[in-house]
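Asker: First, the structure itself, so that you have it in front of you.
The values are calculated or read from the model by the stated rules, or taken from the named source; none is laboratory data. Note that the coordinates shown come from a computational prediction; the quantities given were computed from them, not determined experimentally. Cβ atoms come from the backbone with ideal geometry, glycine included; neighbour counts cover every protein chain shown.
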Amino acid sequence: MQKLVYLAVAYGLSTAAPALAQQAEKVDQAMIAKIKDEGLNRSQVMKTAFYLTDVCGPRLANSEGLKRANEWTQKQMAQWGLVNAKVEPWGDFGRGWDIEKSYVAMTAPYYHNMIGAPKAWTPGTNGAIKKQIVLVKATTEADLDKYKGQLRDKIVLTEVASEPKTTFAADAKRYTDEELQKMAAPAEARPARQNNDEAMAAYRARLALRTKMAELFMQEGAAAVLSTRGGSHGTFFTSNGAPYAADAKPVLPEIEMSPEDQLRLIRLVEAGIAVEVEMDTKTKFQTQDLKGYNVVAEIPGTDKKLKNEVVMLGAHIDSWHAATGATDNAAGCAVMMEAVRILKAVGAKPRRTIRIALWGEEEQGLHGSRNYVKNNFGDPATMKLLPAHEKLAGYFNLDNGSGKIRGIYAQGNEGVQPIFAEWLKPFADMGATTVTPRNTGGTDHLAFDAVGLPGFQFIQDGLDYNTRTHHTNQDTYERLQPDDLKQASIIVATFVYNTAMRDQKLPRKALPQAPQPKS
């Protein structure tokens, strides 16, 4: 109890920092010039991205590809001179899974090779199979009854929820000045969401129906499933087709398809034309090591009083499996690694320790970062804090694609806004000017924010992240923007260095309250 009281007092003192933040920020222009020179003229960010994507390959949670990436990044950062570089377990995760072979084609009424990949954590077909197609259309559980007795030894074809539409808008875009100005302004109060209970009930009903469909397909002896989550122009979104838990129930082989190929099959079947599909998938489960891992490394602090305090930067290293996870999130990892490489190359002597973390298993629920925070700083479920909580100066994250940094989300932390505004001034000519008070979600800074630590995500140009690459088969090296990643590396290196050199840690928001147990 005494330790927790001490931490609460220390935290209360740290929240007084916003008053100090009004003082003029010290910005080392000579160091920024060195960082810019190194980052622009001797960048290794694309080399790092190449190894993470083309060399290591897809990096699904607990897969062989993720293990290769963990080992390579640990060795690479040690070679750059970082210390305490290690692949560190965060706790239990579940089964690993890899694709060893994948092939799918329509063979009747004519031959057509189709675009698709096995859904994660689904089994293989145990050799090539060639089967007739049965289209299953159901909006309620009762609709499934009519398919009983019709599915044995057939490949089940499911519906397409939303058909691809022709669009004349640009596929990729950057923020306009007007959009950034709106982001910098205080967020307008949003009206309360209406019918939220109905929306959640409808969502749960869809999940329940999918579960019943999977059970029916297994019970009826279907051979495999073809499905799609959408996309366009040969792009398809990918996901998991079964739980990764070690004791998960068996499921059928399932391939996730491009919607164009799926819709061709549907039109043929609905026209009464017999359709035959050949598929051959081989997948491998890894069950010997069920742990999840993060990769961490450090640049030691040099100030006698401050070296035990830590500035962190990070990005998630895992990806989905249908491509090589370039924009999601080899880009973020390459930028963060380049930032610490730059700091080592320019001979930076940070007062505080700088620690980089490449998070594992983010795509399944921020597992790597959330468990790292729980293991090292505190538990958001109870708000019981550990001693290191008081020592974290700040955390910076990157996970929104390959676009250049345009600013940073203050995550509702008023105290950091004038600080970050000052830090961005040297990068106005690079397009980074905006500090928005708004929150953003969906990635690893949330693990820090959940226990009251100053954790931040940068604003990035979207490019084609949300339209083409995010969780798709098109998330490849070719989608990376070298100049944007160089710019991002320079800005991240500067923000991390500035945080490490400040007299005070970054200001903090009020400590969150532990969630109340449901009655």
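Asker: I'm told residue 453 meets every condition in (1) over 21 Å from residue 497 (Cβ atoms); (2) part of a loop (DSSP other than H, G, I, E, B) except one. Can you identify the failing condition by its number?
Answerer: Exception for residue 453: condition (1).
Asker: Which number in (1) of a type in the set (S, T, N, Q); (2) part of a helix (DSSP H, G or I); (3) more than 24 Å from the chain's Cα centre (by Cα) marks the one condition that residue 489 misses?
Answerer: (3)
Asker: Quick check on this structure: which one of 315, 345, 326, 339 is more than 16 Å from residue 395 (Cα to Cα), surrounded by 22 or more Cβ atoms within 10 Å (Cβ to Cβ) and of a type in the set (Gly, Ala, Ser)?
Answerer: 326
Asker: Where the second residue is surrounded by fewer than 22 Cβ atoms within 10 Å (Cβ to Cβ) and assigned to a helix (DSSP H, G or I) and the first is free of Cβ contacts under 8 Å to residues at least 60 places away in the same chain and lies in the range 402-430, which pairs have Cβ atoms under 6 Å and are six or more apart or on separate chains?
Answerer: Going by the 6 Å Cβ cut-off, the qualifying pairs are 410/417.
Asker: Of everything in the range 142-169 that's of a type in the set (A, V, I, L, M, F, W, C) and at pLDDT 95 or above, which residue is surrounded by the fewest Cβ atoms within 10 Å (Cβ to Cβ)?
Answerer: Quick first cut of the range 142-169, residues of a type in the set (A, V, I, L, M, F, W, C) only: 142, 144, 151, 155-157, 160-161, 168-169.
Subset that is at pLDDT 95 or above: 151, 155-157.
Working: 151: 19, 155: 27, 156: 25, 157: 23.
It comes out as 151.
Asker: Of the residues 479, 438, which is within 30 Å of residue 53 (Cα to Cα) and of a type in the set (Lys, Arg)?
Answerer: The conditions single out 479.
Asker: Another question, then. Taking the residues in the range 178-206 that are surrounded by fewer than 10 Cβ atoms within 10 Å (Cβ to Cβ) and not in a loop (DSSP other than H, G, I, E, B) as candidates, determine which candidate is modelled with the highest pLDDT.
Answerer: The first filter runs over the range 178-206 and keeps only residues surrounded by fewer than 10 Cβ atoms within 10 Å (Cβ to Cβ), leaving 178, 186, 188-198.
Filter once more, so that each one left must be not in a loop (DSSP other than H, G, I, E, B): 178, 196-198.
Details: 178: 86, 196: 69, 197: 72, 198: 76.
The extreme case among them is 178.
Asker: How many residues, within the range 364-396, are closer than 13 Å to residue 446 by Cα and basic (Lys, Arg)?
Answerer: Selection size over the range 364-396: 2.
Asker: Now, a different point. Do you know which of the residues in the range 297-330 that are in contact with a strand residue (DSSP E or B) (Cβ under 8 Å, 6 or more places away or on another chain) and small (Gly, Ala, Ser) is nearest to residue 283 (Cα to Cα)?
Answerer: It comes out as 322.
Asker: Continuing with the same structure: Kindly establish whether residue 139 is part of a loop (DSSP other than H, G, I, E, B), surrounded by fewer than 16 Cβ atoms within 10 Å (Cβ to Cβ) and touching a Ser or Thr at 6+ places or on another chain (Cβ under 9 Å).
Answerer: No; evaluated as a whole, the condition is false for this residue.
Asker: Related question: Residue 271 is checked against (1) without any contact (Cβ under 8 Å) to a residue 24 or more places away in the chain; (2) at positive phi and fails just one. What number does that condition carry?
Answerer: Result: residue 271 passes all but (2).
Let's see how each residue does on (1) hydrophobic (A, V, I, L, M, F, W, C); (2) assigned to a strand (DSSP E or B); (3) touching a helix residue (DSSP H, G or I) at 6+ places or on another chain (Cβ under 7 Å); (4) buried (at least 19 other Cβ atoms within 10 Å of the Cβ):
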position	(1), (2), (3), (4)
75	no, no, no, no
85	yes, yes, yes, yes
89	no, yes, no, no
98	no, yes, yes, yes
102	no, yes, no, no
106	yes, yes, yes, yes
110	no, no, no, no
132	no, yes, no, no
135	yes, yes, yes, no
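Asker: Could you name every one of the helices (runs of 4 or more DSSP H) located completely within the range 344-449 that has at least 2 residues being at pLDDT 95 or above and of a type in the set (Lys, Arg)?
Answerer: The helices (runs of 4 or more DSSP H) meeting that bar are 367-376.
Residue-by-condition table, conditions (1) among the charged types (D, E, K, R); (2) touching a strand residue (DSSP E or B) at 6+ places or on another chain (Cβ under 8 Å); (3) within 30 Å of residue 282 (Cβ to Cβ):
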| residue | (1), (2), (3) |
| --- | --- |
| 158 | no, yes, yes |
| 162 | no, no, no |
| 178 | yes, no, no |
| 184 | no, yes, no |
| 200 | no, no, no |
| 215 | yes, no, yes |
| 248 | no, no, yes |
| 258 | no, yes, yes |
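Asker: Also: Tell me which residues, restricted to the range 60-73, are buried (at least 23 other Cβ atoms within 10 Å of the Cβ) and either touching an Asp or Glu at 6+ places or on another chain (Cβ under 6 Å) or charged (D, E, K, R) (or both).
Answerer: 61, 63, 66
Asker: State whether one or more residues within the range 55-65 are farther than 30 Å from residue 268 by Cβ and polar (S, T, N, Q).
Answerer: Yes, the range 55-65 contains at least one residue that is farther than 30 Å from residue 268 by Cβ and polar (S, T, N, Q).
Asker: Restricting to the range 236-268, what's the tally of residues that are touching a helix residue (DSSP H, G or I) at 6+ places or on another chain (Cβ under 6 Å) and without any contact (Cβ under 8 Å) to a residue 60 or more places away in the chain?
Answerer: The qualifying residues number 0.
Asker: Of all residues in the range 431-469, which are in contact (Cβ under 8 Å) with a residue 40 or more places away in the chain, of a type in the set (Ser, Thr, Tyr), farther than 23 Å from residue 170 by Cα and surrounded by fewer than 22 Cβ atoms within 10 Å (Cβ to Cβ)?
Answerer: 433, the sole residue that qualifies.
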